[in-house]
1. State the number of residues belonging to region 65-74 that are basic (K, R) and either within 19 Å of the chain's Cα centre (by Cα) or at pLDDT 70 or above (or both).
2. Every residue in region 13-64 that is surrounded by 10 or more Cβ atoms within 10 Å (Cβ to Cβ), modelled with pLDDT of 85 or more and part of a loop (DSSP other than H, G, I, E, B), please.
Amino acid sequence: MTITGIIPIIETLPHADKLELMKFLSAQLAEEKGIPLQIQVPEKNDSLWDIVGMAEGEDTDIARRHDEYLYEIK
């Protein structure tokens, strides 16, 4: 099967399956090139994790406009 035949199948996959496919392909490519996969796990004491999830949902101004606040986009 060619890539043009595979892409339509991939497009129909649920999000979780697409992520699993990405992991699989990354591992395959790394193995072929002899590159060890290095998965970075965030440190538990990273202060950025303290704010994750604070602006969930679409009903808050920060949830809707977070890019404007973070990057001063007007």
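The values are calculated or read from the model by the stated rules, or taken from the named source; none is laboratory data. The model shown is predicted, which means the values in this text are computed figures rather than measured ones. Every residue, glycine as well, gets a Cβ built from its backbone with ideal geometry; the counts of neighbours run over all protein chains shown.
1. So the count comes out to 1.
2. L13
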